[in-house]
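Undergrad: A single structure is presented below for examination.
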Amino acid sequence: MLPPPRAGGTAGGGGGGKAARFHQPVPPVAGTLRFTVRKQTLLFVVGGLLLVLCLWSWVALLHSTATDSSDGSTLWPQVGHSNGGSNGVAATEREALEEAREDRALRSATDGMNPVALRLAIAEAQADGHDSAALRTAKFVLQHLLDEQQTTAPQIPSSGTPATPEVPVVPATPEPSGAPLAPAVPVAPAQPTPVAELPPPPADSLVAISPALVRPMLNEGTPHEFDWWKSPPQSLAGLLPPLEHAVVAEPVPGESAERAQQCFDAIVALADARFKPERFPIGVVAYNRPELLRESLASLLAVPGVAASRVTVYQDGTDAAVRLAAVNAGVAVKQHLDNQNAEGQEGAMQIARHYKWVFQNLFAANPGAEYAIVVEDDMLFAPDFLSFFVQLAPMYERDASVYCISSWNDNGQEGMALDPRVVMRTDFFIGLGWMISRRLFDELLPGWPITHWDHWLRSPAQRKGRQCLYPEVSRNYNIGKRGTHSDDNLYAKYFERIVLNKQPAVWMGDISRLHFATYEANLVSTLGSAVQLPSPAALVQYRYTDVVLFLTLPHREDARWERVYAPYFGLFHSQPNIRGIFQEGVLRTRWQTNYLYLVLSFARKFSALRRPETPLLDAPAFQPSLDQLTLVRALSLEDATAAGLPIGETCEQACRRASTNKKRPELSCSAGGLQTINNCDVMQKHFTCASCSFNTGVDQPAWVHNKQNENFGACLINSREPTCDGAHKDTVRLCACISRP
């Protein structure tokens, strides 16, 4: 047998001649084996490449899933990067990316309104020690969803279809004489259960509201107040003023009554048949002020859409001049006889009886009306007064939590009311120009009070968690300086500077934003992204911005609201029912061009939105410095008497007198400012003080100018909290005045 050829030998290689001589052809079997081995190797290589490609595709898919589609930022480190070194992601960058991922997860869960997803996202964020506006908003929304699930209140579908009450309300038809109505069965929403007592929600639970109606939570940048505002229908596009004119309460030059009527007709043409103006009777409550009634009726009948045939004056008593004013205006008049108080009874009792009689007769005379508008004899009206109610009346049927619709803003003074398109919700019942439903009156009638009917309507037992809708810019204006519960001082302080809308027509946009759940969600979104201020002095640094102040107020009766916070901002001081408050804890108003939100500490849900670095402010923070104040000496008794002030001049009156604009005073008394000047150093710079000592009295700090007084020449410092409203015949006050917004 011949030896096999040497490996590697070739025909041309060294020593290959000899090998070649003994070379034999390769057998067929050996050639097939070599080809098979090469084929398997090739398949293995190709298969390996395909496997690597699949793995890479899978990693790339996961990588793309973790990339935010809104800004393209990668939430995971790039594949192949190490944790350190020049090619790795720095630790701070990784933390920022992780926080961004958690924020997006929280935002996604919030937008989805799913309690289960919210619980998981919140738990993950808290486990990592993460704190952000997104987390606080998610917590708030989760609590809201849990409250919604537990409440037994009538639920209104998001489509706007009115819910059918479980127990029907049977309206009664009273006799015009004022005979009692048959009692009706009220339909009342139940109070929500505290979150702490709720069991975990089912996995598939969802709140009964379309998420599409809710403004996306935590938009990048400052949320725009008018995201809800849509272009008006084509029928209105050529009639309404341009957008830049709609955000100021001034008429467009050249507007005519004819154009105002055209705007009104276009808006009414879009209204459902149930909410046409002819379905809304108007009652004017009157007593003994014929001059004011004449002016009020002339203004009301000039409003587009208001017909004299639908207006009735409901007169308390038989004053002939009042009846004549109504007859001359061409409207009906009904007199309430035998309603005089007995000896010693207060005026509020007579008013309560009269209002009950008005409502009874108003609905009895209009059996087809489900809603009625009630005004008083001392009001002027905006040109869109009626179209305001036409556009908002459907909310009565869309949302069972609507208690009333009012055309008046208690806090809508100059500098605090700007845009007539804005409508808000409040727990406070507003009775100056409002729409009442027949259903509500039938519910209230059996328990109608003998006195203070408006305070009774504000009580939790009657309100039952429901709220009123009201505008930022009022649609009526009060011209009655004196009444049962009003005088010149109160009128000058709160009513005289109220802004009345002048626009001939205002398109209110999509009113579904006013549904309770939608409104609250939008409010949470705004509070979560608004600028949280460290002090009230920081307000002047912003324009056209949502800003928030968190205030210490442990309960609604706390005196700090009336003595410090409300006077500082020029808000109505009433307590415990704070005017304009929403959900027992947030009050929204304007401060010049800004939207200012005051969050009170007893509002647990909203207080939770305060960031760790934001202070909880107390009364001392609202005590202005001397350089912020204008100091004014009040008039002496002699000068005050000559000015019609027999017991002296209060600081509120003194600040008004010192204003350059007498019709629209720009100065008001500051209770906090009185604390600033309540010391001997300041007093001695403005008076010749024979002595200076602590005392008590509503007129202090003050200088004793009456020579008959044993303390003549002394400066008196108040040992209690000074007030703006006090005066004394023996003293001259030093007043701290501050500029209004």
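The values are calculated or read from the model by the stated rules, or taken from the named source; none is laboratory data. What you see is a predicted model, and the numbers here were worked out from it, not measured in a lab. Here the Cβ positions follow ideal geometry from the backbone for every residue, glycine too, while neighbour counts run over all protein chains shown.
Undergrad: So how many residues does the range 551-580 have that are among the β-branched types (V, I, T) and surrounded by fewer than 22 Cβ atoms within 10 Å (Cβ to Cβ)?
TA: Here the count works out to 1.
Undergrad: Still on this structure, please answer the following. Among the residues of the range 654-665, are any in contact with a Pro (Cβ under 8 Å, 6 or more places away or on another chain), modelled with pLDDT under 90 and outside any helix (DSSP H, G or I)?
TA: yes
Undergrad: Given the criteria surrounded by 14 or more Cβ atoms within 10 Å (Cβ to Cβ) and within 26 Å of P504 (Cα to Cα), does L324 qualify?
TA: Here the answer is no, as L324 does not meet what is asked.
Undergrad: Shifting gears a bit: Do we find a residue being over 30 Å from S299 (Cα atoms) and not β-branched (V, I, T) anywhere in the range 470-479?
TA: No, because not a single residue in the range 470-479 is over 30 Å from S299 (Cα atoms) and not β-branched (V, I, T).
Undergrad: Please work out which residue is surrounded by the fewest Cβ atoms within 10 Å (Cβ to Cβ), limiting yourself to the range 629-645 and to residues that are of a type in the set (G, A, S) and outside any helix (DSSP H, G or I).
TA: First, the residues of the range 629-645 that are of a type in the set (G, A, S): 634, 636, 640, 642-644.
Now narrow it down to the ones that are outside any helix (DSSP H, G or I): 634, 636, 643-644.
Working: A634: 25, S636: 18, A643: 12, G644: 7.
In this case the residue turns out to be G644.
Undergrad: Quick check on my filter: what residues within the range 302-336 are more than 29 Å from A271 (Cα to Cα), β-branched (V, I, T) and assigned to a strand (DSSP E or B)?
TA: Residue satisfying the conditions is V333 alone.
Undergrad: Pairs please, first residue from the range 258-276 and farther than 15 Å from V306 by Cα, second anywhere and of a type in the set (A, V, I, L, M, F, W, C) and at pLDDT 85 or above, Cβ atoms under 7 Å, 6+ apart in sequence or on different chains.
TA: Close Cβ pairs satisfying both conditions: A271/V390.
Undergrad: Looking at the range 573-612, which of its residues are hydroxyl-bearing (S, T, Y) and at pLDDT below 85? Give the steps one after another, and end with the answer.
TA: At the first step, the residues of the range 573-612 found to be hydroxyl-bearing (S, T, Y) are 574, 589, 593, 595, 597, 601, 607.
The answer is S574, T593.
Undergrad: Continuing with the same structure: Those residues that are farther than 25 Å from W408 by Cβ and either β-branched (V, I, T) or in a loop (DSSP other than H, G, I, E, B) (or both), I need them from the range 558-580; list them, please.
TA: Matches in the range 558-580: D558, A559, V564.
Undergrad: Among what's in the range 501-515 and is surrounded by fewer than 22 Cβ atoms within 10 Å (Cβ to Cβ) and of a type outside the set (V, I, T), pick the residue that is farthest from Y597 (Cα to Cα).
TA: K502
Undergrad: Cβ-Cβ distance below 7 Å, separation of 6 or more or different chains: which pairs start in the range 575-597 with a residue that is in contact (Cβ under 8 Å) with a residue 12 or more places away in the chain and end on one that is surrounded by fewer than 17 Cβ atoms within 10 Å (Cβ to Cβ) and among the basic types (K, R)?
TA: If the second residue must be surrounded by fewer than 17 Cβ atoms within 10 Å (Cβ to Cβ) and among the basic types (K, R), the pairs left are Q575/R556; P576/R556; I578/R556; T593/R543; N594/R543.
Undergrad: So, one more: Here are some residues: D681, D725, D699. Which one is modelled with pLDDT of 90 or more and of a type in the set (D, E, K, R)?
TA: The match here is D681.
Undergrad: Another question, then. Have a look at L600, L626, L616 and point out the one that is under 26 Å from the mean Cα position of the chain (by Cα), more than 22 Å from Y544 (Cα to Cα) and either among the acidic types (D, E) or surrounded by fewer than 16 Cβ atoms within 10 Å (Cβ to Cβ) (or both). Show your work before the answer.
TA: On the way: L600 fails: either among the acidic types (D, E) or surrounded by fewer than 16 Cβ atoms within 10 Å (Cβ to Cβ) (or both); L626 fails: under 26 Å from the mean Cα position of the chain (by Cα).
Only one candidate passes the filter, namely L616.
Undergrad: Now, a different point. Could you check A348 against (1) part of a helix (DSSP H, G or I); (2) closer than 28 Å to P277 by Cα; (3) of a type in the set (G, A, S); (4) under 34 Å from the mean Cα position of the chain (by Cα) and say which number it fails?
TA: (2)
Undergrad: Then there is this: Anything in the range 646-666 that is within 17 Å of A492 (Cα to Cα) and surrounded by fewer than 20 Cβ atoms within 10 Å (Cβ to Cβ)? List them, or say none.
TA: Hits for the range 646-666 are R657, A658, S659, T660, N661, K662, K663, R664, E666.
Undergrad: Okay, next question. Pick out the one residue from F606, F550 that is in contact with a strand residue (DSSP E or B) (Cβ under 6 Å, 6 or more places away or on another chain) and in a strand (DSSP E or B).
TA: F550
Undergrad: Regarding L490, is this residue farther than 30 Å from E613 by Cα, touching a residue at least 12 places away in the same chain (Cβ under 8 Å), assigned by TED's automatic domain parsing to the domain that holds Q345 and not in a loop (DSSP other than H, G, I, E, B)?
TA: Answer is no for this residue.
Undergrad: Can you go through N339, N366, N409 and tell me which one is more than 22 Å from A298 (Cβ to Cβ) and crowded, with 22+ Cβ neighbours inside 10 Å?
TA: Answer to the check: N409.
Undergrad: Look at the range 276-302 and say how many of its residues are surrounded by fewer than 21 Cβ atoms within 10 Å (Cβ to Cβ), modelled with pLDDT under 95 and closer than 22 Å to E370 by Cα.
TA: Qualifying residue count for the region: 3.
Undergrad: Okay, next question. Looking at (1) in a strand (DSSP E or B); (2) crowded, with 24+ Cβ neighbours inside 10 Å, which is the only condition V374 fails?
TA: In the conditions (1) in a strand (DSSP E or B); (2) crowded, with 24+ Cβ neighbours inside 10 Å, V374 misses (2) alone.
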